[in-house]
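What follows is a set of notes on a single structure, which appears directly below.
Each reported figure results from applying straightforward, stated rules to the coordinates on display, with no laboratory input. These numbers were taken from a predicted model, which means no experiment stands behind them. Cβ coordinates were reconstructed from backbone atoms using ideal geometry, including for glycine residues, and neighbour counts include every protein chain displayed.
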Amino acid sequence: MARVCEMCGKGKQIGYGVSHANNKTKREWLPNLQTVKIVKNGTVKRTRLCSKCIKKGDFKKAV
């Protein structure tokens with residue numbers, strides 16, 4: 001399962017960690033994904049959503 005939000009498509013970002021001596025090492029930032037049960041097309045589905053999409057509330061939570 002990919003580390004991608006299923007609603008907005010947010011995924012990992014790649015960049016450099018930079019030290020005080022300006023040494024650069026490759027690193028990645030992962031989105032804050034949470035597993036949420038939602039109702040989609042009348043069925044209950046478990047999806048991985050980022051916290052920003054959960055706060056927006058553009059979906060209906062399953063009970």
Within the range 1-27, take every residue that is of a type outside the set (Gly, Ala, Ser) and assigned to a strand (DSSP E or B) and give me the one that is nearest to the chain's Cα centre (by Cα).
Gln13
Is one or more of the residues making up the range 2-21 surrounded by 10 or more Cβ atoms within 10 Å (Cβ to Cβ), out of contact with any Lys or Arg (no Cβ under 9 Å at 6 or more places or on another chain) and more than 25 Å from Ile54 (Cβ to Cβ)?
no
Scanning the range 28-45 residue by residue, those under 14 Å from the mean Cα position of the chain (by Cα) and part of a strand (DSSP E or B) turn out to be Glu28, Trp29, Leu33, Gln34, Thr35, Val36
Subset of the range 45-56, residues out of contact with any Lys or Arg (no Cβ under 6 Å at 6 or more places or on another chain) and either under 20 Å from Ala2 (Cα atoms) or surrounded by 10 or more Cβ atoms within 10 Å (Cβ to Cβ) (or both), comes to Lys45, Thr47, Arg48, Leu49, Ser51, Lys52, Cys53, Ile54, Lys56
